[in-house]
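Trainee: Mind having a look at this structure? Questions to follow.
The values are calculated or read from the model by the stated rules, or taken from the named source; none is laboratory data. Just so you know, these numbers come straight off a predicted model, no measurement behind them. No Cβ is skipped: glycine too gets one built from the backbone with ideal geometry, and neighbour counts run over all protein chains shown.
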Amino acid sequence: MTISVLVIEDDEDMAALLRRALDAAGFESTHAGTGRDGVEMAARAQPSVVLLDLDLPDADGLDLLPELTPIAPVIVLTGRRTEDAIVTGLGLGAEDYVTKPFSPRVLVARIEVAARRRQPGVPAPTRVQRGGLLLDLTARTATLDGVPIELTRRELDLLAHLAARPGTVVSREDLLAAVWQSSAEWQGAATVTEHVRRIRIKLGDPGWIESVRGVGYRFAVPA
């Protein structure tokens, strides 16, 4: 299966550099110079992965994430290095975050990881219920005591992976591999920590996911 990548980047030189690297890796690439054009092209073309610059002439890339992430995995590609920008992007559903300047080989590897999340032929996930928490990965919904919970795609996958293994401690590295299909070589374990933090807030009770110091996390229905 050929991986198709939509580059949303207003800098023409950077866009050309990216497309050369993508073409050399055997990917199909397209380019949009503005945020609105990028959203329209993504909806029309349904790319495997979107590379999104944050500093666009007509929009902040962070504001586009809620529209783009339901369509395809989004890798944020930007010069912003602040922790707040990274945390916000991941919280809005970004798949990954790459700062400029970057290694083309590393970027290609991250694109391949992101694209595998959407490949056909992956067995359809099932429903997971623990106490009043119901996760339906086929319908992509979550409810707690019958009340819908708004989770990003990654948050839902992470919570379901833990909930399917109640009482079992799962390391951050194993979660990166199972949920992100990545590794600590490409993504920091802090990615998992931030997603767990946001899930706890949305569930309204940190007791659903217990921290095991120095190891990882364990799912447990709160008392």
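Trainee: Looking only at segment 42-70, which residues are surrounded by 18 or more Cβ atoms within 10 Å (Cβ to Cβ) and not in a strand (DSSP E or B)?
Mentor: Pass one, segment 42-70, residues surrounded by 18 or more Cβ atoms within 10 Å (Cβ to Cβ): 42, 47-54, 56, 61-62, 64-65, 68-69.
Correct list: A42, P47, S48, D53, L54, L56, G61, L62, L64, L65, L68, T69.
Trainee: Only one of S48, S4, S29 is within 21 Å of T99 (Cβ to Cβ) and among the polar types (S, T, N, Q). Can you tell me which? Break it down into steps so the answer makes sense when it comes.
Mentor: On the way: S48 fails: within 21 Å of T99 (Cβ to Cβ); S4 fails: within 21 Å of T99 (Cβ to Cβ).
After applying the criteria, what remains is S29.
Trainee: Step by step: first the residues of segment 189-220, then only those that are touching a strand residue (DSSP E or B) at 6+ places or on another chain (Cβ under 8 Å) and small (G, A, S), then the one that is surrounded by the fewest Cβ atoms within 10 Å (Cβ to Cβ). Which residue is that?
Mentor: For segment 189-220, the residue satisfying everything is G204.
Trainee: In segment 76-192, which helices (runs of 4 or more DSSP H) lie fully inside it and hold 3 or more residues that are at pLDDT 85 or above and within 30 Å of D60 (Cα to Cα)?
Mentor: Once the helices (runs of 4 or more DSSP H) in segment 76-192 are filtered for at least 3 residues that are at pLDDT 85 or above and within 30 Å of D60 (Cα to Cα), what remains is 104-116, 153-163.
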